[in-house]
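Before any comments, here is the structure.
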């Protein structure tokens, strides 16, 4: 009857491992190249591999799953690493905030759509299983390939012949990625497993969590669309640090509800905290992306995107292994989430220092 928490964490970690290994060399490779082919490969590969994983589970071919997750990470990397460089190449300076925010909002709208599909089908069709629903969603995902054929703009930044390692400003790149490293490690301990927290502590099944997650994604999408106005009004310093700080407090409150599961108000409070933490932490993401991309300059943007993807996936890979170890020792979710909150708080501080340096450089 399904996989255990440590098994799930182990399978997920293979995807992150693949992205971690591939992202860095891909960042070198895409510099000076058209990005549309990488979008095509990712858009076709992700849903097809997802279908393969579902069929493997149905036929109890569990030994194939690690390889399927690795391949899933490979095709996902092609899409993930190319996105921000494409936006920076093909948008004007004044439209960058809007383009990056819309990109983040689009992911949220996709999550909302999936959540609605899962909840509605599971309620209307009592005999349908989760695998069938995921197959249906994966088939819808293939449609994205046909939409990419309509993508006409694909500017290429001129590349110096024989570009080498020393072509990049590694001092700027290192400063830009330090906050990402810290926050991504904490996120890897929490985000992939938040549904397990709700299931084990409050008995929230997958269809019910789809509704909760859909509500969070709706808030994420709405808040992402507000990012340009927030940035214009508050600037990077207040816009990033304030939203992330409130999100950290909400995560601490969410974790603490585990100690009060016997009270009726614990679940509503946990959902409320989840709905506060998720959109606010994600609201900062478009601003931090724009900040770091502009901080390192055009000649370093492809490699920054690749390094960032590698860091997130690498951190999530190791965090997944740490999570598996901690849960095998029966550590409560609350303590794991507290670790995440501490890392988040330190990450917010390092972003503050980065913003100060960026403002000095701009002046």
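The values are calculated or read from the model by the stated rules, or taken from the named source; none is laboratory data. All values derive from a computational prediction rather than experimental measurement. Here the Cβ is made from the backbone with ideal geometry for all residues, glycine too, and neighbour counts use every protein chain on show.
Quick notes
- Checklist (1) surrounded by fewer than 19 Cβ atoms within 10 Å (Cβ to Cβ); (2) in contact with a helix residue (DSSP H, G or I) (Cβ under 6 Å, 6 or more places away or on another chain) applied to residue 180, failing item: (1)
- Some residue of segment 323-331 being in contact with a helix residue (DSSP H, G or I) (Cβ under 8 Å, 6 or more places away or on another chain) and on the phi > 0 side of the Ramachandran plot: no
- Any hit, segment 338-353, residues being at pLDDT below 90, surrounded by fewer than 20 Cβ atoms within 10 Å (Cβ to Cβ), out of contact with any helix residue (DSSP H, G or I) (no Cβ under 6 Å at 6 or more places or on another chain) and farther than 21 Å from residue 107 by Cα: no
- Criterion: surrounded by 18 or more Cβ atoms within 10 Å (Cβ to Cβ), more than 22 Å from the chain's Cα centre (by Cα) and modelled with pLDDT of 80 or more - qualifying residue of 128, 133, 100, 118: 133
- Given (1) modelled with pLDDT under 80; (2) surrounded by fewer than 18 Cβ atoms within 10 Å (Cβ to Cβ); (3) under 29 Å from residue 278 (Cβ atoms), index of the condition residue 93 fails: (3)
- Residue match in segment 42-59 (condition: touching a helix residue (DSSP H, G or I) at 6+ places or on another chain (Cβ under 6 Å), more than 20 Å from residue 191 (Cα to Cα), surrounded by fewer than 21 Cβ atoms within 10 Å (Cβ to Cβ) and modelled with pLDDT under 80): no
- Boolean, residue 298 is surrounded by fewer than 20 Cβ atoms within 10 Å (Cβ to Cβ) and touching a residue at least 12 places away in the same chain (Cβ under 8 Å): yes
- Residue pairs whose Cβ atoms lie under 9 Å apart, separated by 6 or more positions or on different chains, with the first residue in segment 65-87 and modelled with pLDDT under 85 and the second crowded, with 19+ Cβ neighbours inside 10 Å and not in a helix (DSSP H, G or I), are 82/35; 83/35; 85/31; 85/35; 86/35.
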